[in-house]
1. Of the candidates Q151, Q59, Q128, which one comes out as most mobile in a Gaussian network treatment of the chain with C-alpha springs shorter than 10 Å?
2. Which distance in Å, rounded to a whole number, links the C-alpha centroids of segment 25-91 and segment 139-215?
3. Considering only protein heavy atoms, what per residue accessible area in square angstrom results for the chain with a 1.4 angstrom probe?
4. On a full-extension model of 0.36 nm per residue, what is the gain between R134 and S90, subtracting their alpha-carbon distance, rounded to one decimal in nm?
5. Run through segment 27-59 and list the trypsin sites (Lys or Arg not before Pro) located in a DSSP loop whose Cβ has at most 15 other Cβ atoms within 10 Å.
6. Only Cα pairs under 8 Å and at least 6 apart count here; give the relative contact order of segment 1-134 as a rounded whole percent.
7. Which Cα, out of Q252, V74, Q153, lies furthest along the positive dipole direction of the chain (beta carbon charges, K/R +1, D/E -1)?
8. May I ask you to give the percent of accessible area on segment 7-123 that is carbon plus sulfur, with a probe radius of 1.4 Å?
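The values are calculated or read from the model by the stated rules, or taken from the named source; none is laboratory data. Just so you know, these numbers come straight off a predicted model, no measurement behind them. Cβ placement follows ideal geometry from the backbone for every residue including glycine, while neighbour counts extend to all protein chains displayed. The accessibility values were calculated without ligands, DNA or RNA, using every heavy atom of the protein model including side chains. Shrake-Rupley method; radii C 1.70, N 1.55, O 1.52, S 1.80 Å.
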Amino acid sequence: MRIKRLVLPGRFVDAYLYFDFAWLFSKDGAVRAFDIARYCEDQLNGESGVVAALFSNNQNLRSYQSTEGQEDEVLTSLLSNEAPIEVSASDVDGYSYIFQTKGVCRSILDVRFYNGRAFVGADNGIQQFVALGRDDLQDSQVGRSAVASLQDQRVSELPARQILGRYGAIAAACGPAGGLLGLGAGTEDRNWRITFESFAEKSYGIELNGNALSCLASATTVELYAVNRRAAPKRSANAFADDLRDSLELTQVTGRGFGSQDAQLNQLISNLSGAIRTFLFKDTLWVLAQDGFYRFRIAEHGEITKPHRAGMKAKPPARVFG
């Protein structure tokens, strides 16, 4: 594995990379949209294009690879040197559009950008705002307070510790306060605001797939909820397309379905030697037990495979929820 880092100094409590911008959240409620592409063009000379593609939009890396899969010399040279690219503190502000959010984004628990919108889970609720693109910021000067508004609005009073967007839906795990789901997030209406409905009494983690909504009711207990779905509506060429590659759209949670799989899965977890914590993924779930990690695969129609032991050194890429 080759690693290259772009380091942005500052007292930020969370960050999210979305197209050309690194969205940086400060404790005082300020939100900075750091313009990666512009910084690279101005400061990195010959490597600007490949660095911008690497850190802001990986789809553009295709132009640095031949049809035979060979890398451009510039990309190879960049990745062969593991030294980080360090942005100065003054350049972080100088290349950012700065927004004030009235302090609603303090004590952030999770951030998710989806279909041109951002959802911020904090200890005082969930905030939604528009993820402004380059065209939206034409009247704003980089390095200054932005003229455009994020149109931020609180859409839930519950403290979401995990937020997930997929299949035209936004799910939020709010711990002992329950689980939330909002549908219709695939709309191109910029003024749309999500309406959350409760689907679980407790939720310490969530995952969406085409057949079910998975929820952690405790550190190791999994609940499976059945969903209705339909073909995703066709979107315009100007729409954000990064998150809506899936051909399905969820339309309704119909309640606890998959009763036999639900019971089977939790029985398999309880049979492990000292299950400690479960991690949910789109097609698999991992269980950390006293003797290592175990992986379960969820088949297309909800069937659960027997656990495969991955060993103590395996680390599933998941955020831990306490």
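1. Highest fluctuation among the options: Q59.
2. 29 Å
3. Working: 16130 Å² over 322 residues.
Result: 50 Å² of accessible area for each residue.
4. Numbers: separation 44, 0.36 × 44 = 15.84 nm, distance 2.14 nm.
Full extension from R134 to S90 adds 13.7 nm.
5. Details: sites: K27, R32, R38; in loops: K27.
Passing sites in segment 27-59 are K27.
6. Numbers: 227 pairs, mean separation 38.3, N = 134.
Here the relative contact order equals 29 percent.
7. Q252
8. Numbers: 2450 of 5620 Å².
Of the solvent-accessible surface of segment 7-123, carbon and sulfur hold 44 percent.
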